[in-house]
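Here is the structure we will look at, set down as C-alpha cells.
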Amino acid sequence: MACTSQSALKYVVNARPHLVGELKSLSVILENLYQQGVLIDEEVSKIKAEKDDYDRTRAILDSVTRKGEDACYRFLRIIDQTRRRTLERPTNEASTEAKSFDLHHWISCFPFKEDAEMQQNYIRGN
C-alpha cells in the first residue's frame, strides 16, 4: 500500500521526530543493519554504548541518514519486515488530545520495490 513517492532518505528524515522514542527492540534493528553491511562493528558498539534508547535511536537514524539513500532504504525495509517487534502501536484512548502518529501505517505507505536482492531473511528477534 504505497502512498508516497518520497526518497527513502527524505522519508526517514521526515519521520525522525516520530521514530525517536517510539522504535522498540533496537537490538533487532542494529543486528539487521550490521548483517546487511549498513553498519560496521565500531558503529554498532558506539550505538550500543549510548546511555538510553532515545540516544541509541538518534544514533541509528544519524548513521543511516548520513550514509544516504541505500542505507535508509535498507533501514525502512528492516522496519517493515520486523514491524511487530520494532514499532509501537498508537493507543486508542479517547482522552488523548493529539492523534498519535501511526508508525505501522507510516511504514506501509513507503513504496518498496520488489527486488530479489532485497528479499532477505530478517532477524526478527524474540
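Among Asp62, Asp80, a tally of other beta-carbon atoms within 10 Å of each Cβ gives an order, fewest to most, of Asp62, Asp80.
Rounded to the nearest 20, the size of the Cβ-charge dipole of segment 1-85 about its Cα centre is 240 debye, with Lys and Arg at +1 and Asp and Glu at -1. For the residue pairs Lys24/Lys48; Lys46/Lys113; Lys10/Lys48; Lys10/Lys67, the C-alpha atoms sit more than 22 angstrom apart in Lys46/Lys113; Lys10/Lys48.
Where a number appears in this text, it was derived from the coordinates with a stated rule and is not lab data. Being a predicted model, the structure only gives us computed values, none of them experimental. No Cβ is skipped: glycine too gets one built from the backbone with ideal geometry, and neighbour counts run over all protein chains shown.
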